[in-house]
1. Suppose we keep only residues that are crowded, with 20+ Cβ neighbours inside 10 Å and more than 20 Å from the chain's Cα centre (by Cα) within the range A:106-128. Which one would you say is farthest from residue A:77 (Cα to Cα)?
2. Within the range A:191-205, can you find the residues that are open to solvent by 10 Å² or more (accessible area, probe 1.4 Å) and in contact with a strand residue (DSSP E or B) (Cβ under 7 Å, 6 or more places away or on another chain)?
3. Of all residues being farther than 17 Å from residue A:172 by Cβ and in a loop (DSSP other than H, G, I, E, B) in the range A:209-233, which is most open to solvent (accessible area, probe 1.4 Å)? Just the residue, please.
4. What single numbered condition from (1) more than 14 Å from chain B (Cβ to nearest Cβ); (2) under 24 Å from the mean Cα position of the chain (by Cα); (3) in contact (Cβ under 8 Å) with a residue 24 or more places away in the chain fails to hold for residue A:306?
5. State which residue pairs qualify: first residue open to solvent by 90 Å² or more (accessible area, probe 1.4 Å) and inside the range A:37-59, second residue at pLDDT below 75 in any location, beta carbons under 6 Å apart, and separation of 6 or more residues or different chains.
6. Please state which one of B:106, B:125, B:99 is away from chain A (no Cβ under 14 Å) and modelled with pLDDT under 90.
7. Assess whether residue A:83 counts as being assigned by TED's automatic domain parsing to the domain that holds residue A:131 and farther than 24 Å from residue A:182 by Cβ.
8. Those residues that are more than 24 Å from the chain's Cα centre (by Cα) and on the phi < 0 side of the Ramachandran plot, I need them from the range B:322-348; list them, please.
2 protein chains.
Amino acid sequence: MHALLAAGETNRGALARSTGLSAATVATVVSDLLAGGIVTEVRLTSGRVGRPTTTLRLNGNRGRIVGVDVAETYVRAVVFDAALDELAQTEVATDEHHDEPDYVIDAIVNALDTALKAADATRDDVLGVGISLPGGMQHWAEVSVVVPNATWHHIDRLRERIGLPMVVDNPLKAIATAELWFGEGRRRSSMVTVNLGTGVGAGIVLEGTILRGSQNTAGEWGHSLLSFEGRRCRCGRDGCVEAYVGVAGIQRTLSEIDPGHPLAAEPMQREFIKALPAALEQVPPDPAVAETIERTARYLGSAIADLVAIVNPEMVTLTGWTAWALGDHLVPAVRLRVLQEAPGDSAADLDIAVSSVRGGSVATGIATIALERFLGDVGLLTTRVPTAL
Amino acid sequence: MHALLAAGETNRGALARSTGLSAATVATVVSDLLAGGIVTEVRLTSGRVGRPTTTLRLNGNRGRIVGVDVAETYVRAVVFDAALDELAQTEVATDEHHDEPDYVIDAIVNALDTALKAADATRDDVLGVGISLPGGMQHWAEVSVVVPNATWHHIDRLRERIGLPMVVDNPLKAIATAELWFGEGRRRSSMVTVNLGTGVGAGIVLEGTILRGSQNTAGEWGHSLLSFEGRRCRCGRDGCVEAYVGVAGIQRTLSEIDPGHPLAAEPMQREFIKALPAALEQVPPDPAVAETIERTARYLGSAIADLVAIVNPEMVTLTGWTAWALGDHLVPAVRLRVLQEAPGDSAADLDIAVSSVRGGSVATGIATIALERFLGDVGLLTTRVPTAL
């Protein structure tokens with residue numbers, strides 16, 4: 001499945017080569033997938049001499065998968081076909097100052113329905129819905145959003161309102177899945193994807209497998225220390241990475257540099273981040289903003305060096321809306337800082353880049369988890385992937 | 001092999017049950033190990049009715065394995081039989097202010113020869129020598145000790161002086177191996193062992209496998225940040241965990257609390273650490289030392305909380321000579337701090353304890369790696385374990 005998704009169109013011989021499986025195994029798996037309607041084949045004979053070639057691809061028409069990315073400032077629902085090609089998406093802006101469960105559930109249902117309508121799909125077409133909720137999922141049965149402190153015991157209500165096969169996981173697992181299936185994870189055995197937005201975290205892939213940890217909270221690097229007894233983080237701990245490189249942290253850095261700067265008072269995080277590249281690109285560049293980006297790169301580089309020290313991955317990718325907006329301005333300075341700060345030569349061969357998974361890696365990743373779940377439920381995926389719910 | 005070592009004495013049926021392998025596979029593997037002289041069997045028939053029982057155990061007499069733990073303040077060589085039962089050990093004190101390669105190589109050879117003599121063994125008996133050198137091993141071919149800054153390109157000279165089959169790895173991989181074969185790793189799928197001494201690091205076991213990282217430097221948590229732009233660490237970075245909970249860091253904390261304290265001027269690290277429990281146990285306890293231990297527990301707890309945030313293990317064990325000396329005084333306060341500082345409830349089910357692997361987990365672990373290498377070299381271990389050299 002993984003090889004087929006990565007290749008788009010392929011054939012049995014190429015699948016055997018790319019997976020290292022025997023031709024017989026590939027034939028068996030493909031025939032199961034064909035019988036289940038997951039894969040289609042196209043026979044190409046016209047204009048050719050000799051044996052006809054058979055091309056395989058995922059059968060997008062088998063149904064629809066929806067990925068929902070619930071963030072602090074928006075809910076985005078993306079409708080994919082069963083080959084995980086994007087059909088439509090909807091974004092509902094939410095106010096980061098409200099996080100009451102009903103407010104969030106309303107936004108999820110609203111985004112889902114609007115996106116389905118935009119994709120010309122009905123609920124009957126939907127094979128599965130994946131919902132990414134911020135924070136760690138602590139228990140398989142009782143999902144909690146640990147960051148910020150609010151605890152969610154409202155999954156049953158959400159499930160009822162959605163009324164479709166549903167999986168819930170956290171954005172770190174979603175971005176790791178997206179990177180594993182569609183990004184650098186296809187080529188690397190170990191990598192970390194750093195998610196930068198209101199919240200900050202890391203999706204960790206080791207030996208081709210997503211690191212979940214004993215309570216599915218692995219990757220909460222955003223709440224590891226950057227500075228002992230440093231800035232108070234909204235999670236309650238002092239000195240977390242997120243308090244420096246999350247959007248509120250970046251804004252606080254600007255306030256420290258120039259308390260009177262107009263952007264220091266911008267109430268909406270998305271507007272604040274959008275304004276930064278513009279301020280850098282004006283002539284001359286806004287000096288307080290330039291200094292803010294420089295300090296943020298130092299903070300981020302030091303925090304990524306900690307990941308290198310502990311996990312020593314082959315590559316680090318940056319994703320999330322802050323990374324899309326500021327990546328070009330941050331990456332060179334971050335690279336330099338990581339080289340200086342990682343132990344010994346451990347970062348000498350490390351690649352750091354903005355993720356190549358575009359268009360919302362959280363939504364793409366959580367949809368992939370929903371597709372995996374669906375394939376598992378119909379008995380077509382033997383290596384069952386653990387998901388939170 | 002792992003199941004056999006863990007069990008001590010067992011039989012084929014119990015091995016099949018404990019490993020989940022089929023009876024036929026166990027029979028094949030056992031017969032290879034018997035033929036190679038690695039395993040012996042004892043037939044028990046007398047005084048019994050019915051089928052004779054056959055008990056298997058590792059054949060300790062097959063030869064000797066030596067584990068050498070090279071630390072900043074000592075070199076310890078431990079001679080094991082081929083069942084990894086300890087026969088003898090020697091410790092050569094070294095001066096932490098000297099780290100010239102020849103000085104260190106002399107100490108290694110001296111410790112090795114003395115330990116062999118004490119075990120009544122000759123070089124001909126030795127199946128393999130494992131040598132743990134501090135710092136990360138960056139490349140499989142060119143070993144470097146990255147922390148402190150000195151780089152070691154002297155492995156060839158060491159190999160020549162040793163004159164026996166030799167593997168080199170770093171202490172973090174050694175303690176993880178010891179914990180995996182003899183400690184909590186037998187019962188846990190994910191765990192972190194924190195090594196506390198002059199240097200500080202973490203051996204990380206995930207899904208029953210030691211995390212090495214892309215350059216074998218995973219686990220260099222001692223050189224992750226505790227405090228941004230904090231205390232200068234001997235690795236050159238500012239604010240590393242080691243600068244607070246390594247021995248020199250603990251001594252610095254005491255100096256900050258009471259600059260005139262006699263222990264603040266103790267020139268030898270081992271003497272300094274040995275004096276702390278005594279100072280705590282006197283009536284009344286030495287107030288500056290008590291405050292030092294309290295602060296150290298806060299630092300260590302915060303730094304362990306970072307490991308929990310990123311890796312989310314089931315258990316954390318503490319090992320190394322500082323842990324043996326101060327563990328009882330540190331663990332309760334460390335536990336409390338980790339609970340407060342780890343994200344959400346991610347530490348709620350976490351066990352923290354001093355490692356049950358006694359008598360030098362670095363030497364035991366590196367000897368185990370040497371045994372694995374020997375078994376691989378003679379074709380008796382099919383899953384070849386990666387080692388640095």
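1. Taking the range A:106-128 first, the residues crowded, with 20+ Cβ neighbours inside 10 Å are A:107-108, A:111-112, A:115-116, A:119, A:126-128.
Then drop every residue that is not more than 20 Å from the chain's Cα centre (by Cα), which leaves A:116, A:119, A:126-127.
Details: A:116: 9, A:119: 11, A:126: 13, A:127: 15 Å.
Looking at the filtered set, the residue picked out is A:127.
2. If the condition is that a residue be open to solvent by 10 Å² or more (accessible area, probe 1.4 Å) and in contact with a strand residue (DSSP E or B) (Cβ under 7 Å, 6 or more places away or on another chain), then A:195 is the only one that fits.
3. Of all residues in the range A:209-233, those farther than 17 Å from residue A:172 by Cβ come to A:225-232.
From the residues that got through so far, the ones that are in a loop (DSSP other than H, G, I, E, B) too are A:226, A:228-231.
On the way: A:226: 1, A:228: 34, A:229: 116, A:230: 24, A:231: 13 Å².
Top of the filtered list is A:229.
4. (1)
5. A:43/A:52
6. On the way: B:106 fails: modelled with pLDDT under 90; B:125 fails: modelled with pLDDT under 90.
Testing whether each residue is away from chain A (no Cβ under 14 Å) and modelled with pLDDT under 90 leaves just B:99.
7. Values: assigned by TED's automatic domain parsing to the domain that holds residue A:131: yes; farther than 24 Å from residue A:182 by Cβ: no.
Judged against the criteria, residue A:83 is not a match.
8. So the first thing to find is which residues in the range B:322-348 are more than 24 Å from the chain's Cα centre (by Cα), and the list is B:336-337, B:339-346, B:348.
Result: B:336, B:337, B:339, B:340, B:341, B:342, B:343, B:345, B:346, B:348.
The values are calculated or read from the model by the stated rules, or taken from the named source; none is laboratory data. These figures come from a predicted structure and were not determined experimentally. Here the Cβ is made from the backbone with ideal geometry for all residues, glycine too, and neighbour counts use every protein chain on show. Accessible surface is based on the protein model in full, side chains and every heavy atom, while ligands, DNA and RNA are left aside. Shrake-Rupley method; radii C 1.70, N 1.55, O 1.52, S 1.80 Å.
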